[in-house]
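As C-alpha cells, the structure follows; a few thoughts come after it.
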C-alpha cells in the first residue's frame, strides 16, 4: 500500500494514495495512544481470495474518504461512492508549518469535469485532523459526503448536536436474510433518537451501540437550526476514549450513520466486520441521480448537492479527532470558541481542548 504519513506534535495521519482513504490516525495525549479510525480486516490481503468485482474503495476500506457522489454513481460512470473513494491521488504539497503540518493531494481523475483537491492540516497539540475538499470547475451538480469509520471492541454511547429527526430509507441494506440482517424499520422516522422504530416492533436506541445486536443498518439524521457546529461524539467503552466528528451544517446538513456489526455474511464481510460505525456527514441523498433530482430531503428544505461550474470553486470542511475519556459516557454538549473546545459532561465537568474554532466557518454560507 502506497501511503504517506503527516505529523504534528501529538498526532499523525496516514493516507492511502491508491484511493485517498485515511489509512490510520494516531493521537498521543495524556500518556495515552488513541486510534479512532477503523480499517477493514481484509485490507492488505494478498491471498487472492477477495471477490474480483470489488470496488477499490472496498478493497482498501479504511478510516475516512471522500464520497463524490455519495452511494450510487448513476449519472457519471464510476464505482460506488465515486472516483475520489476508488482511485489514485497525487501529493501536490506536504510540509511542516510553524505550528504543525499541511498537505495537499489531488485526485488523478476528474469528477463531473472538476478537479478535486484534498487539504489536510494538523496542528501541534490539537487532537484533530482538519480537512477540506475543493472542487474546481466542472459542470452539473455533485453530492458529497465524508465517510469516517470507527470500531469498538465493546460498543459505545453516542451523543449529537441537535437534530430535527432521523429517517431510514425505503429499503434496508441487507433485505435478503440469507445474506445479512438488519434491526431498524424501513422506512421509518422519529424525532427522539433514543426511540427509533425497530423492524420487529418496539424501538431501538440509536445512541446505544450494542455488540450483541448483529446487524447492518443505515439511517439519516437531519441537523436542526442551532447556530453552532454539527457534531457527533462517541464514547467507546473498551477503548475509554471519545471520538469526535464535526462539520459546518450549512455545508453538510445531514449525518448518516452506518451500523456494521456482523450484519453481512458474504465475502469479503463474512460476518467479521464487527463493531463498526460510519459517521457520514454529507450533502446528499442516496445516489447521484437522486441527489440532483427530486428527493425526500429537498422536501424538508435540505440541500443534497453542490452546483459546479467553470470559474468558481466549491469547498467544504470537516474535522475528526479523539480525546481520552474514562467515564464511558458522551458529552452533554460541545462548544467551540477562542481557540478551544469545551466538552461538557453530564456531571457538568468540563474538558478543555485546543481547537481551531474558525476552521469550520460557522455562520458563513456554504462555499459554492
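Read the figures in this text as sums done on the coordinates, not as results from a lab. Source: prediction; values computed, not measured. So basically every Cβ, Gly included, is an ideal-geometry build from the backbone, and we count neighbours across all protein chains shown.
If Rh is defined by the Kirkwood formula over all Cα pairs and Rg also comes from Cα, what ratio Rg/Rh do you get for segment 24-152? Present the calculation step by step, with values, prior to reporting the outcome.
Working: Rg = 16.3 Å, Rh = 16.3 Å.
Ratio of gyration radius to Kirkwood radius: 1.00.
If each residue's Cβ is checked for other Cβ atoms within 10 Å, how do 112, 341, 211 rank with the fewest at the top?
211, 112, 341
Could you list 232, 194 so that the one with the fewest beta carbons within 10 Å of its beta carbon is first and the one with the most is last?
Lowest count first: 194, 232.
From the mean inverse distance of alpha carbon pairs (Kirkwood) and the Cα radius of gyration, derive Rg over Rh for the chain. Display every interim value, and only then the final one.
On the way: Rg = 19.2 Å, Rh = 20.6 Å.
Computed over Cα atoms, the ratio is 0.93.
Starting with the fewest neighbours, write out 128, 70, 165 ranked by other beta-carbon atoms found within 10 Å of each beta-carbon.
If I rank by nearby Cβ atoms, fewest first, I get 165, 128, 70.
Given the C-alpha centroids of segment 272-318 and segment 33-73, what is the distance between them in whole angstrom?
If we compute the Cα centre of each part, the gap is 20 Å.
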